[in-house]
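Chemist: Below are the structure tokens for one structure; questions will follow.
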Amino acid sequence: MKRITITRFILAHVSAVALVAASSAWADTLAQWTFENSGPSIAGTSTTFGPIAPEVGSGNAYGVHASASTVWSSPVGNGSPESFSANNWSVNDYFEFTIPSTVGYKDVSISYDQIGSATGPRDFSFTYSTDGSIFITVGSYQLTSGVSWSGTIGGRPDQLSFLNISALDNWNGTIYFRVVDDSTTSINGGTVAAGGTGRIDNFTVTATMIPEPSALALVGLGVAGLVAFRRRNG
């Protein structure tokens with residue numbers, strides 16, 4: 001009877017350890033924009049567009065351009081009816097996404113799909129900020145010609161991801177993410193044209209939950225129980 005009781009104790013704490021480990025490794029979606037809800041209302045000509053609420057979670061999305069002639073629209077996305085698109089791109093124009101905080105989370109990761117027309121912008125940077133003023137560049141990249149989301153687009157759909165941005169762990173405040181046009185070079189290697197478009201879709205922010213101190217204490221208790229059991233029955 002004593003052995004059964006000890007075994008049950010150990011099994012219970014091994015299960016607890018497994019649950020805590022699984023919860024800390026599993027990524028939660030903090031926000032996701034697919035533009036399926038907002039797509040029909042993305043229309044008009046202006047320097048800025050937004051805010052656009054996410055389909056999952058909370059936050060806002062915007063488009064910001066220098067040209068007042070910029071046309072905002074929601075053409076076909078990557079495997080979906082809607083995306084977020086604009087023309088009249090200039091250097092430093094951008095798509096922006098914000099979330100209210102990452103309190104209780106770590107390992108913040110970003111993924112999104114991006115494409116452009118043949119005369120749309122090719123060179124981009126992905127940046128973030130915790131104050132809306134000073135932005136840190138995480139990575140720069142180029143969109144390339146090839147297979148498209150639809151017959152009228154000349155750029156290859158690129159799936160971008162930026163993983164485990166540790167500076168954003170457990171941040172108590174708004175976080176800003178920007179996809180920024182870096183140059184006047186177009187996807188076809190020429191110069192970006194006024195009618196050249198750039199689209200973004202499926203912008204997703206994920207993170208892993210930080211275990212509560214009580215959960216970590218439970219892990220410690222489980223490990224201690226295992227050690228004691230092995231010493232008694234070694």
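The values are calculated or read from the model by the stated rules, or taken from the named source; none is laboratory data. Keep in mind that this is a model prediction, so the values were computed, not measured. Note that each Cβ is placed from the backbone with ideal geometry, even for glycine, and that neighbours are counted across all protein chains shown.
Chemist: Considering only residues of segment 53-89 that are within 17 Å of Thr184 (Cα to Cα), crowded, with 16+ Cβ neighbours inside 10 Å and not β-branched (Val, Ile, Thr), which is nearest to the chain's Cα centre (by Cα)?
Modeler: Top of the filtered list is Ala86.
Chemist: Kindly indicate which of Glu82, Glu96, Glu36 is of a type in the set (Asp, Glu) and more than 30 Å from Asn170 (Cα to Cα).
Modeler: When all the criteria are applied, what remains is Glu82.
For (1) buried (at least 18 other Cβ atoms within 10 Å of the Cβ); (2) at pLDDT 95 or above; (3) of a type outside the set (Val, Ile, Thr); (4) farther than 20 Å from Ser58 by Cβ, each residue gets a yes or a no:
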site	(1), (2), (3), (4)
Ser117	yes, no, yes, yes
Gly139	no, yes, yes, yes
Thr144	no, no, no, yes
Ser150	no, no, yes, yes
Asn172	no, yes, yes, no
Gly196	yes, yes, yes, yes
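Chemist: Which fully enclosed strands (runs of 3 or more DSSP E) of segment 119-167 have 3 or more residues being in contact (Cβ under 8 Å) with a residue 24 or more places away in the chain and over 23 Å from Asn92 (Cβ atoms)?
Modeler: Passing ranges, in order: 158-165.
Chemist: Moving on. Name every residue in segment 128-143 that is under 13 Å from Leu160 (Cα atoms) and either among the hydroxyl-bearing types (Ser, Thr, Tyr) or touching a helix residue (DSSP H, G or I) at 6+ places or on another chain (Cβ under 7 Å) (or both), in order of residue number.
Modeler: Answer for segment 128-143, where residues must be under 13 Å from Leu160 (Cα atoms) and either among the hydroxyl-bearing types (Ser, Thr, Tyr) or touching a helix residue (DSSP H, G or I) at 6+ places or on another chain (Cβ under 7 Å) (or both): Ser140, Tyr141.
Chemist: Search segment 39-52 for residues being over 21 Å from Thr184 (Cα atoms) and in a loop (DSSP other than H, G, I, E, B), and hand back the single one that is farthest from the chain's Cα centre (by Cα).
Modeler: Looking at the filtered set, the residue picked out is Ala43.
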